[in-house]
Amino acid sequence: GHGGMLELLDRPAGQGALFRITIPAAHGTEALQEGPVAGLPDRPLRVLVLDDEEMLRRALARLLQTIGHQPTTVSSTEEAVREHRRALDSEQPFDLAILDLTMPGDPGGVEALRQIRLDDPKLSAIVSSGYSDNTTLSDPGSFGFDGRLNKPFDLKDLLTALARCPKEHA
């Protein structure tokens, strides 16, 4: 999906395997400017991140921290609902949830949002997925989401998704 390449290179017998992974560099990206970005919240947000892929959870958490927000990451719908309730009980609720749409063996983002909204109907939520042809991504509002974040994404995509979330909730 990124235009990269994975190669298996020859090695003498008994010396293991050697792989080369090539990932193209991003071109034309702009440096993040200091100060507020138009349309973005002017305060740190507490963000719940649900994704089954650890690498994506860490990358998204790092991007959110880079722009001053406070992410909490989880890997299942059950964990997301539990962490959300814990945050409400501690009177430190989340401002936003970024929820992976499809996760093998897990109900995923739509169900997570349905359960979370039982306790917190105004929580802003962004659906995230690599399946761009999914109807939830083409019309996130019909499924209760305030925005979408298509995978793969970069900082600019994240900033755009955050800027489109309702400000009264985020």
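The values are calculated or read from the model by the stated rules, or taken from the named source; none is laboratory data. None of these values were measured; they are calculated from a predicted model. Every residue, glycine as well, gets a Cβ built from its backbone with ideal geometry; the counts of neighbours run over all protein chains shown. Just the protein is used for accessible areas: all its heavy atoms, side chains included, with ligands, DNA and RNA removed. Shrake-Rupley method; radii C 1.70, N 1.55, O 1.52, S 1.80 Å.
Note on residue 15 and residue 115: with the Förster distance fixed at 45 Å, the Cβ-Cβ geometry gives a FRET efficiency of about 0.35. A 1.4 Å probe run over region 81-170, with the rest of the protein chains in place, finds 51 Å² accessible per residue. Accessible surface of region 39-170, 1.4 Å probe: 46 percent of it comes from carbon and sulfur atoms. Taking the Cα centre of region 53-157 as reference, the dipole from Cβ charges on Lys and Arg (+1) and Asp and Glu (-1) amounts to some 180 debye.
Scan region 46-147 for trypsin sites (Lys or Arg not before Pro) in coil per DSSP, keeping those whose Cβ has at most 15 other Cβ atoms within 10 Å, and list them by number. Those that pass, being in a loop and sparsely packed, are 122.
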